[in-house]
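Remarks on the structure that follows.
Each value in this text was obtained by applying a stated rule to the coordinates, not by laboratory testing. Treat the numbers as computed from the prediction; the structure is a model and nothing was measured. Positions of Cβ are backbone-derived with ideal geometry, glycine not excepted, and every protein chain shown enters the neighbour counts.
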Amino acid sequence: MTRLSAITPSGHVQLGNYLGAIRQWALHGGPGDLYFVSDLHAMTTPHNPSRLRSLAREQLAIVIAAGVPPESVFVQSDLVRELGALTWLLECTCSYDEASRMTQFKEKSDGRAGVRLSLLTYPALMAADILSQGAAEVPVGADQAQHVELARTLARRFNGVYGEIFVVPDAVLPPSGARIRDLCDPTRKMAKSTQNSAGVVFVLDPPDLVRRKIKRAVTDNMSTVEYRPAERTGVANLLEILAGCEGSEPEHAGESMRSYAELKDAVAEAVIETLRPIRERAEQLLSDVDELRLVREGGAERARQRCAYRLDAALRLAGAS
Ligand code: ATP
Ligand code: MG
């Protein structure tokens, strides 16, 4: 059974991506699972080519450094020819109405000039990502569930009209875990594309910078260290980060602490020590151009082989070759 998950290089990998996704991939991934850096998805809004290229490399290095088996990781654009072909078939299976009904398209395009056509069509690319690899399960948050639903619809339709070739995927809930919040604005989640990086801890941040960001985290004007996520969001977030790093429960993570300063010191040290081995290994990979290239080519080749049969059969069934 294949589970497929991706991370988009829309910014530097942040602590929430690691605790909430990449670490789970490393710890709980099955032998048939696949993970990829979805750099083509990052082209649906204005992008800078060299920054995108470098962010995609960085994400690949971090995913490998975090312990995800290299043979199960690939970069999406390394399969651009295969995915491009299948995206076309799926665009020819999808109606304009279905694509334009997607909530994310409506939200991201609303009132904007120069919206890229790919913002409308990328759910067909996402369906190609999923269907090309025969993924049976796709762990996604609420914002992507509708796109997996569309992939299901397109798989069923294609199978019904042309012949049974695609596995019909299920959207599954990702492993539960706290949503890490922005340190400067705990009302919103930490995200790699956030403009103000002061509230975002990046996996490759040097220890001093991590310490500084955590010291400046917004708390409240109380002083006792208690886990009250509804009223004391900033402190609760720090406790969730601490618990996430230590493998404890946020309710108990700060029990012995008497001040916010003490809490922040503990959080900073826990985050620094959690990220240290990943940062060091990722930096090593990023500086060893040949090693990273070999890992990348190996992952791409395996992913290509996995999708070749399905892609050829789909093209043939649809009358394209
Ligand atoms: P963007 O700003 O581009 O949306 P992001 O940081 O929200 O970036 P995504 O690419 O949307 O990251 O998500 C990648 C993975 O990281 C997903 O599995 C998502 O659930 C997880 N993730 C993202 N942010 C957090 C967070 N703050 N806490 C826990 N998990 C997170
Ligand atoms: Mg996001």
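Among all residue pairs at least 6 apart or on different chains, which show Cβ distances below 9 Å where the first residue, located in the range 173-190, is closer than 13 Å to P250 by Cβ and among the aliphatic types (A, V, I, L, M) and the second is within 15 Å of ligand 2 (Cβ to nearest atom) and in a loop (DSSP other than H, G, I, E, B)?
I180/M190
For the range 79-89, does any single residue satisfy the condition of being under 20 Å from A136 (Cα atoms), away from ligand 2 (no atom under 16 Å from the Cβ), among the β-branched types (V, I, T) and crowded, with 17+ Cβ neighbours inside 10 Å?
There is at least one residue in the range 79-89 that is under 20 Å from A136 (Cα atoms), away from ligand 2 (no atom under 16 Å from the Cβ), among the β-branched types (V, I, T) and crowded, with 17+ Cβ neighbours inside 10 Å.
Kindly indicate which of K108, K192 is within 16 Å of ligand 2 (Cβ to nearest atom) and surrounded by fewer than 16 Cβ atoms within 10 Å (Cβ to Cβ).
Just one listed residue meets the conditions, K108.
Mind listing whichever residues of the range 1-50 are part of a loop (DSSP other than H, G, I, E, B), aliphatic (A, V, I, L, M) and over 18 Å from V148 (Cβ atoms)?
V13
Given L183, L204, L150, which one is in a helix (DSSP H, G or I) and crowded, with 16+ Cβ neighbours inside 10 Å?
L150
Among the residues of the range 265-276, count how many are more than 27 Å from the chain's Cα centre (by Cα) and surrounded by 18 or more Cβ atoms within 10 Å (Cβ to Cβ).
Number of matching residues: 1.
Condition first: within 21 Å of the chain's Cα centre (by Cα) and in contact (Cβ under 8 Å) with a residue 24 or more places away in the chain. Can you find one or more residues in the range 224-240 that meet it?
yes
Return the only residue of A303, A243, A314, A253 being surrounded by 15 or more Cβ atoms within 10 Å (Cβ to Cβ) and in contact with a strand residue (DSSP E or B) (Cβ under 7 Å, 6 or more places away or on another chain).
From the options A303, A243, A314, A253, the qualifying one is A303.
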